[in-house]
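J.: One structure, pasted below without further comment.
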Amino acid sequence: MGTSLPAMAIHLFTKNNLTKENDRSTIFPMNEITRNDTRDIILDVTEKLIYKSGIAATGMDLLVKTAGVSRKSIYRYFANKEELTVAALQRRDQRWMHWYRTEVGQAATPTERLLNLFTVLKSWFVSEGFRGCAFINTSGETGDPLDPVRLVARDHKQKLLDYVCELCTEYGAENPQLLAKQLLILIDGAITVALVMGDHSAADNAQCMARKLLDL
């Protein structure tokens, strides 16, 4: 099979595409996807299904049916389901971090950017299709700390910590690394509470705690 797809497959992809309206965790720049490359479609569908239902519930038959591609096409790009899963999560990591940095960075001052960490989270929490952190969720499906999926999650959280540490350094914190670790706990705690409890105000509560850490 070449890179072009049947009209029905393209329709399914367009219908299920991640957009600013239905998933703020993946909006930038993926809300402007113009390519219909087979590999991109496979990754998009894999990411959506895993985020919605988890790795175990996302079988190859479901991927084939939803993506509108043959099993042979999937194995042309990915050796097995694990490789496909890791690639989809790595892609989500890049997209999510780009979105988060861009949204948070719109605040004018270092102090406002630190507080905006939680304002931006709330905008994600109230969006349609929010199902928590894909990396926390998928880590919960793995028992081995060296599992490739767990390693992707660890890398994602390290990138997030590094970004928060950048903001803490700009803020002039006495110990940016320590403050960043504390804020990361608030970030992940807010995400988890928002998902499990359905409490969107978790972001507001986390921001209130952040204010105390910052002596604001």
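The values are calculated or read from the model by the stated rules, or taken from the named source; none is laboratory data. Values in this document were obtained by computation on a predicted structure and should not be read as measured data. Here Cβ is always computed from backbone atoms with ideal geometry, including for glycine, and neighbour counts include all displayed protein chains.
J.: Within the range 116-127, does at least one residue satisfy the condition of being over 22 Å from Gly54 (Cα atoms) and at pLDDT below 95?
T.: Scanning the range 116-127 turns up no residue that is over 22 Å from Gly54 (Cα atoms) and at pLDDT below 95.
J.: Just for the range 159-181: of the residues that are crowded, with 19+ Cβ neighbours inside 10 Å and more than 17 Å from Leu216 (Cα to Cα), which one is farthest from the chain's Cα centre (by Cα)?
T.: Cys165
J.: So Ala134 clears everything in (1) over 14 Å from Leu195 (Cβ atoms); (2) under 10 Å from the mean Cα position of the chain (by Cα) except one condition, right? Which one?
T.: (1)
The rows are residues; the columns are (1) part of a loop (DSSP other than H, G, I, E, B); (2) in contact (Cβ under 8 Å) with a residue 24 or more places away in the chain; (3) in contact with a Cys (Cβ under 7 Å, 6 or more places away or on another chain); (4) closer than 22 Å to Gly129 by Cα.
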residue	(1), (2), (3), (4)
Glu141	yes, yes, no, yes
Lys157	no, yes, no, yes
Val164	no, yes, no, no
Leu183	no, yes, no, no
Gly189	no, no, no, yes
Leu195	no, yes, no, yes
Ala210	no, yes, no, no
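J.: Restricting the search to the range 60-78, which residues are hydroxyl-bearing (Ser, Thr, Tyr) and surrounded by fewer than 19 Cβ atoms within 10 Å (Cβ to Cβ)? Don't jump to the end; show me each part of the working.
T.: Here is the first cut: in the range 60-78, the ones hydroxyl-bearing (Ser, Thr, Tyr) are 66, 70, 73, 75, 77.
Of everything in the range 60-78, those that are hydroxyl-bearing (Ser, Thr, Tyr) and surrounded by fewer than 19 Cβ atoms within 10 Å (Cβ to Cβ) turn out to be Ser70, Tyr75, Tyr77.
J.: Taking the range 64-96 as the search range and keeping residues that are touching a Leu at 6+ places or on another chain (Cβ under 7 Å) and assigned to a helix (DSSP H, G or I), which one is farthest from Cys133 (Cα to Cα)?
T.: Among those that are touching a Leu at 6+ places or on another chain (Cβ under 7 Å) and assigned to a helix (DSSP H, G or I), it is Ile74.
J.: State which residue pairs qualify: first residue within 17 Å of Phe118 (Cβ to Cβ) and modelled with pLDDT of 95 or more and inside the range 77-105, second residue surrounded by 17 or more Cβ atoms within 10 Å (Cβ to Cβ) and among the charged types (D, E, K, R) in any location, beta carbons under 6 Å apart, and separation of 6 or more residues or different chains.
T.: Hits for this filter: Val104/Arg113.
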